[in-house]
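What follows is a short report on a single structure.
Throughout, read-outs are computed from the coordinates displayed, never taken from laboratory work. Everything numeric in this text was worked out from a predicted model, so none of it was measured. Here the Cβ is made from the backbone with ideal geometry for all residues, glycine too, and neighbour counts use every protein chain on show.
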Amino acid sequence: MRARRWRAWLVVVAVAAAPLARADELPPEVKLGLEALRAGEAARLEQAVGPLSSLPLYRADLTVDVAHRKVVGRVAVTWHVTHAPLDELLLRTTPNAAHPDAVTLLNAAVNGQAAELEHPDSTLWRVKLPAEAVPGTAVVVEVSVQAALPSLDGEGPAQDHGAFGASDAFTSLVGLLPMVPPTKPSGELFSPPSGMGDLSAFAPSAFMVSVSAPAGTRVLMPGALLGEVPEKGGRVRFTHALAGARDFPIFVARGLQRLSAPAGDVTVEAWVRRDDAQARAVLDHAAYAVKALALRLGPSAHRVLRVVEAPLARGAGGMEFPGLITVSSTLVTGAADPLGALGLGDAASDPAVAAMVLPMLKGLLRASLEFTVFHEVAHQYFACLVGSDAVDEPVADEPLTQHVALLLLEWRRGKKAADDVREGQVKLAYQLWRLMGGDDVKADQPTGAFTSTTQYAGIVYGKAPLLFDAQRKLVGEDGWEKALKAYVEQHRYRWVTSKTLTEVASKLAPGKARGLEALRRRWLEETHGDEDVGTFAIETLLGGHGAPRDAHLDAETLELVEQLLQQLRGGR
């Protein structure tokens with residue numbers, strides 16, 4: 001108990017004083033963060049990013065007031081200047097994309113000296129350095145954080161799919177920590193994905209985060225648990241450390257219980273509301289995926305993978321973060337009524353709507369839980385471990401993650417099971433989008449170029465993943481598996497584009513290089529969706545009731561189909 005108290009106390013002192021270590025000395029917070037990684041992972045991280053003493057370091061001391069839906073605290077960022085002199089440091093808070101006034105930064109200081117703080121747009125903050133920092137040095141930027149959390153209760157707007165907000169039972173603080181945004185080679189900033197709370201584009205960093213939470217709640221974060229210390233008034237302070245991560249989510253939950261299972265040298269934890277068959281299935285799916293991917297793609301990064309049941313919104317099945325994933329309570333509960341489980345229970349009273357939607361949902365929810373867990377675990381490799389631009393190039397990770405989730409189904413249950421999900425969920429996302437009158441567009445474009453989340457789902461989650469089926473067929477199953485493993489090995493903690501996997505596969509099979517590239521262009525840069533994916537007539541939706549092929553859905557039914565389509569995305 002004494003060691004836990006000391007470690008939790010260390011965080012508070014570090015945020016306040018923030019002494020700088022020598023350039024060749026590993027800061028204690030980084031050492032503790034490395035405890036969260038699997039054996040040998042620190043060496044892999046250092047090989048990819050350079051000296052671990054130069055990792056960006058984020059230290060936070062936060063207090064969460066669930067009753068009043070507020071957060072206050074202090075965050076310190078240690079930033080190492082490398083290539084060019086630095087006269088300012090930019091910080092990004094991503095909840096502000098969906099909730100412009102949610103997070104405020106105040107009282108900036110640089111190396112203990114008061115500094116000017118500007119706020120050029122809703123998500124971006126600029127800290128002016130009192131003196132220019134030259135390469136080879138480091139600066140410590142500190143800011144106070146204040147957050148007002150939107151409600152996760154009721155039917156109000158949920159622009160971020162429930163990634164940021166509070167209820168009595170669950171508080172999600174995804175994107176709260178101010179982080180230094182990455183820059184492109186041109187010097188242009190990456191922009192945050194609208195309302196997704198996704199920070200996967202950020203550089204591998206170290207984190208030490210201490211959160212004080214009300215009595216009866218538990219703080220769930222990734223990484224090594226360093227302290228769980230009682231405070232006055234029944235509050236408890238939780239402290240976690242993690243290194244080599246691109247993001248650090250924070251959740252405060254009441255009423256969750258821990259299930260666990262070994263997955264090789266990884267421990268999988270499932271934090272769920274009930275210890276029942278559905279919850280055990282979540283744990284089993286995650287443990288299988290961790291073991292299978294370690295065997296096929298190489299080791300994942302973390303000693304512990306936490307799976308957290310969360311009240312996600314707008315059809316989101318789950319969300320991914322380094323060392324932690326969330327799965328929608330809708331899927332975990334496995335409600336007997338499929339419309340109710342999708343949040344469409346009231347629609348069942350309309351016979352026409354029920355006739356349209358229910359035939360599509362036979363067996364869908366059972367497969368959706370397994371497929372969603374597989375999808376989110378696969379993200380531990382793609383975007384979390386192998387970095388890519390989730391904003392300007394979402395096809396670099398989302399379609400590949402969808403494809404690997406299908407491979408997990410095939411490896412576990414056979415080709416027919418994978419084909420059923422490919423037809424009934426993946427392709428269906430594109431086909432429903434086209435049925436609703438949406439256009440087929442090229443997949444390789446920024447998130448902001450898509451006209452709606454429904455179009456994004458149909459193209460990025462529905463059409464684009466089928467590229468990898470075609471490439472796998474071209475090089476053969478063994479050749480494709482070797483390409484996936486080489487892709488992870490060569491780009492671990494590094495940065496890729498949507499072309500990188502095709503380039504890796506082409507080097508392993510040079511005789512197929514031209515065909516691999518032609519397939520990449522066809523599926524990602526051109527529009528052959530109707531030909532390659534296929535469409536169906538509306539009578540298919542109606543179970544063969546004979547509706548004319550050119551029938552149009554009314555506005556209410558279109559809205560229901562749109563909500564269903566978002567559920568079918570297989571992920572965020």
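Details
- Computed label-point distance, nm, for sites Glu517 and His83 using a 7 Å Cα→Cβ extension: 2.6
- Peptides 508-516, 170-178 ordered by packing proxy, namely the average of other Cβ atoms within 10 Å per residue, highest first: 170-178, 508-516.
- Highest mean first, the peptides 243-253, 525-535 sorted by other C-beta atoms within 10 Å per residue fall in the order 243-253, 525-535.
- Modelled spin labels at Asn107 and Leu295, positioned 7 Å past Cα toward Cβ, are 5.4 nm from each other.
- Using the Cβ-Cβ distance between Ala277 and Glu118 with R0 = 45 Å, the FRET efficiency computed as 1/(1 + (r/R0)^6) comes to roughly 0.25.
- Arg303 sits among other residues whose Cβ lies under 10 Å from its own Cβ, and their net charge, with Lys and Arg +1 and Asp and Glu -1, is -2.
- Working ranking of peptides 371-382, 208-219 by packing, defined as the average number of other Cβ atoms within 10 Å per residue, highest first, is 371-382, 208-219.
- Exceeding the 25 Å Cα-Cα cut-off - candidates Lys416/Lys442; Lys415/Lys485; Lys416/Lys499: Lys416/Lys442; Lys416/Lys499
- Across the range 71-148, Cα-Cα pairs farther apart than 20 Å form 31% of the total.
- Cα-based reach from Lys463 at 13 Å (exclusive), listing aspartates and glutamates while leaving out same-chain residues under 8 positions away: Glu398, Glu423, Asp439, Asp440, Asp444, Glu525, Glu526, Asp530, Glu531, Asp532
- Normalised Debye scattering of the range 18-108 at q = 0.11, 0.22 Å⁻¹ gives log10 I(q)/I(0) of -0.47, -1.21, counting only Cα atoms as equal scatterers and leaving out solvent.
- Label-to-label distance, Leu474 versus Ala131, with points set 7 angstrom from Cα along the beta-carbon direction: 5.7 nm.
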